[in-house]
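Each remark here refers to the structure printed beneath this line.
Bear in mind these aren't lab numbers, they're just calculated from the coordinates by the rules spelled out. As the structure is a computational prediction, the values presented were derived from the model and not from experiment. Methodologically, a virtual Cβ is constructed for each residue, glycine included, from the backbone with ideal geometry; neighbour enumeration extends over all protein chains shown.
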Amino acid sequence: MALDATEGRLAVARARKPGNTLQRFARRRSTIAFLMTLPLIAVIGGLVAWPAMYAMYLSTLNRRMTTFIGLENFNILLDSETFRMVIWQSCFFAVTAVLLKALIGFWLAHMLHHIPTKGQRKWRGMLLVPWVIPPALSTLGWWWMFEPSYSSINFLLNVFGVPSVPWLGEPWWARISVIIVNVWYGAPFFMIMYLAALKSVPEQLYEAAAIDGATSWQRLRYVTLPMMRNIISITVLFSLIVTFANYDIVRVLTNGGPRDLTHVFASYAFQVGVLSGNIPRGAAVSLFMFPLLAVIAYFVLRGINQRNKEEA
């Protein structure tokens, strides 16, 4: 009887050994995977976390960077009418540009999706050209087209009897010019992301909707857009972050003018911190982007997580 019990325990132990071994192996693999990501974590920490913390430290110093003054730089900025205009202009520029890029990118992706594969490759390559050209270089070309003395756009307008437009001389026209260039540069990114999302939508859903008598608008509203919600959210979030931090387009096209009315956070931080020599206050300007983007990112990512839970 005792022998049978011993053999039973040995059998159970032998049965459990592979499981224990696999568990240990899984734990070991996760440990190895974590160790392999340490170099990347170190790089991210060195290139992102450390500069951010150093900027926070600098923003608490005086102009000579010798005395701790706490939040005084932030108080001075918030009391400045110019900086309040920068906040408004940054939000207006980012929201308007991202909305236009999303709409144009979706329209282009929808058009490309219905083109045969051979023609699609050709058009996709041509439409991606604005996105692959360095923005500072392409913006310089736009500057030549907008600049009053050489403006080819105004020349074409004059041919049709339309008066010349002060693209870079009036605040609102300058804002529109910056948005046009940013949309021209960024719309291809939305196009390629949305095109990939459209290709991932199962054709069976469209066939079922067609059998039910759904119109093109209904298929777009009830099939395409719900299947693309996560891609749309992530793309918009990424573009908002990049657009808020945009520097080169504003710097090359308007340099913040006229009268500092086209500055965004990045260009104004450069002007205050580098050109004016007040590095701590420039660091404070750049940090104002963080709470705005953090709030936007929180709501976007929370919405994605909720949708994933509902689908699961």
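Stretching Ile241 away from Val95 to a fully extended chain increases their span by 51.5 nm, per 0.36 nm per residue minus the current alpha-carbon distance. Simple rule: put +1 on each Lys or Arg Cβ and -1 on each Asp or Glu Cβ in the stretch 42-137, find the dipole, and look at Trp107, Met65, Ser80; the Cα lying farthest toward the positive end is Trp107.
Axis angle, to the nearest 10 degrees, between helix 2-44 and the longest C-alpha principal axis of the chain: 10 degrees. FRET efficiency for the pair Arg121 and Thr66, taken as 1/(1 + (r/R0)^6) with r the Cβ-Cβ distance and R0 = 51 Å, rounds to 0.25. Stokes-Einstein diffusion of the stretch 140-229 at 25 °C, 0.890 mPa s viscosity, Kirkwood radius from Cα pairs, rounded to a whole number: 148 µm²/s. Once a ≥ b ≥ c are taken as the square roots of the eigenvalues of the Cα gyration tensor of the stretch 189-307, is the result rounded (a/c under 1.5), prolate (a/b larger than b/c) or oblate (a/b not larger than b/c)? Prolate. In the stretch 227-255, which residues have a backbone nitrogen under 19 Å from the label point lying 7 Å from Leu137's Cα in the Cα-to-Cβ direction? Only 247-253 fall inside the zone, counting backbone N under 19 Å. Just checking the listed ones, Leu100, Leu205, Leu108: in the Gaussian network model of the chain with Cα springs under 10 Å, the one fluctuating most is Leu205. Reducing the stretch 162-209 and the stretch 52-81 to their Cα centroids gives an inter-centroid distance of 37 Å. Rounded to the nearest 20, the size of the Cβ-charge dipole of the chain about its Cα centre is 1200 debye, with Lys and Arg at +1 and Asp and Glu at -1.
The structure shown yields Kirkwood radius over Cα pairs in Å, and of the options (1) 20.9; (2) 24.0; (3) 20.0 that calculated value carries the label (2).
Lysine pair count for the chain (Cα-Cα distance under 27 Å; residues 8 or more apart in sequence or on different chains): 6.
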